1. Can you find a residue in the range 146-158 that is closer than 13 Å to residue 121 by Cβ, part of a helix (DSSP H, G or I) and of a type in the set (A, V, I, L, M)?
2. Is it the case that the range 146-153 has a residue that's of a type in the set (Asp, Glu) and more than 16 Å from the ligand (Cβ to nearest atom)?
3. Kindly indicate whether residue 307 is crowded, with 16+ Cβ neighbours inside 10 Å, at positive phi and more than 16 Å from the ligand (Cβ to nearest atom).
4. If a residue counts only when it is aliphatic (A, V, I, L, M) and farther than 30 Å from residue 163 by Cβ, which helices (runs of 4 or more DSSP H) contained entirely in the range 45-121 have at least 2 such residues?
5. Filter the range 291-304 down to the residues that are at pLDDT below 95 and either within 12 Å of the ligand (Cβ to nearest atom) or at positive phi (or both) and list them by number.
6. Quickly run through the range 120-140 and pick out the residues that are surrounded by fewer than 22 Cβ atoms within 10 Å (Cβ to Cβ), within 12 Å of the ligand (Cβ to nearest atom) and either of a type in the set (Val, Ile, Thr) or within 18 Å of residue 199 (Cβ to Cβ) (or both).
7. So which residues in the range 168-192 are of a type in the set (Ser, Thr, Tyr) and either in a helix (DSSP H, G or I) or farther than 15 Å from residue 156 by Cα (or both)?
8. Is there any pair with a first residue in the range 167-179 that is assigned by TED's automatic domain parsing to the domain that holds residue 194 and within 13 Å of the ligand (Cβ to nearest atom) and a second that is in a loop (DSSP other than H, G, I, E, B) and among the polar types (S, T, N, Q) whose Cβ atoms are under 9 Å apart and which are 6 or more apart or on different chains, and what are they?
Amino acid sequence: MKIFTEHQQEVAETLRKTASKSDWTDWKWHIRHAIKSVDDFERVLGVTFPEKRKRIFERTLRKFPMAVTPYYLSLIDPDDYENDPIFHQSFPSADELSIGRYDMTDPLHEDEDSPVPGITHRYPDRVLFHVSNVCSMYCRHCTRKRKVGDVDSVPSRADLEQGLEYIRNTPQIRDVLLSGGDPLMLSDEKLDWILTKVGEIEHVDVIRIGTRMPVVLPYRITEDLVEMLKKHHPLWINTHFNHPRELTASSRKALRRLADAGIPLGNQSVLLSGVNDCQRLIKTLNQKLVKNRVRPYYLYQCDLSEGLTHFRTPIGKGIEIIESLRGHTSGFAVPTYVVDAPGGGGKIPVMPNYIVSWGPNKVVLRNYEGVITTYNEPESYEPNYCDRECANCNLQLKEEDAEEKAIGIEKLLSDWDDTTSLTPENNERLDRRDDAA
Ligand SMILES: *Cc1c(COP(=O)(O)O)cnc(C)c1O
């Protein structure tokens, strides 16, 4: 493989004959010089696509635009770009135009779970706050592909005020995820303002930022940025590495800066056919992440967004990957594998089955080696009867607002609620009952 720094200089020089070293580490330079056309891509990478393929690429770009930072592009191996994981994540494929039967423009119904522009409120106690409509690079596997390149702008303070107002008026929200686009596309000043405003809201306990900058443009993680971020603790950052090749010296330096500022780091990968659908690859990725103080958080099943069909694997592939991680490597190097429910149900964890069988007194379990074992249930166990009066409970949860209401399966399991079943809408049997009445 090429030595990245040399190759980076080559790329930089192709882009602009005089690209100096200081240009190369200036994140704004990369945004100004993002590669957006097939011609530029060919020129910078030093490859030539066959004329016919080129026309198909250009057609794809008219539907789903391209943008790649020179930095990220410089990680592609020009001699084997057809198999290159960076290439697949950044360069269009003709397959994006074939819309599968089950594909949707907004599979997660984010637009429907949006009480005010910029907010997705799906779970009881946390919201997504879309503070930027842009990214430094457009991932080909983006779940929000429908929006990519739509509005190339960052929201104004007035736009953001609506979201802030919603969070202020919704006391259940204790966790705010700044998302986008990429929040780190905002200037330090704007981000500082948002973090200050969100931080001032009393019921907000934590703020998280979801960003791919450490992967696609690590020079964004400047000392100034980090100095600003660390004023806003407790602040968490989740990033998005998909392949071990992405953990370059520059990326590792960016992660080190963030971790040194006391920011807990997590990683969300997406399982992508032809990019990372391999047990050993994901294990290597996760081991390298923890070595850089990043905790693998989620491994996502690829969403049913339009234009992603060629990236999708069966769910079985993900289960197989978890099977080869759990027990085989550090527990904190094992992410939770999730399917984001089409229709907006949120993330559903999926994993191998470890319970083999179950009787009244014993549970039969198996471990990662296939060893089958029995766990004897306690002979006497007195569960605490729960009426949700925490103040009178001997378990001493003396928190003031410990009494949020139970929903879903939690409610079915509870002592204090008489609900015995949950029935999906449009149940035909109940419709017949209504008709008879
Ligand atoms: C993923 C997601 C969250 C955060 O979920 P966690 O499991 O808490 O990380 C919140 N809101 C929406 C809409 C999401 O998609």
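The values are calculated or read from the model by the stated rules, or taken from the named source; none is laboratory data. This structure is a prediction, so every number in the text was calculated from the model and none was measured. Virtual Cβ from ideal backbone geometry, glycine too; neighbours counted across all protein chains shown.
1. no
2. Yes - at least one qualifying residue is present in the range 146-153.
3. Taking the combined requirement at face value, the residue satisfies it.
4. In the range 45-121, the matching helices (runs of 4 or more DSSP H) lie at 51-63.
5. 303
6. 120, 125, 126
7. Across the range 168-192, the qualifying residues are 170, 179.
8. 178/132; 178/211; 179/132; 179/211
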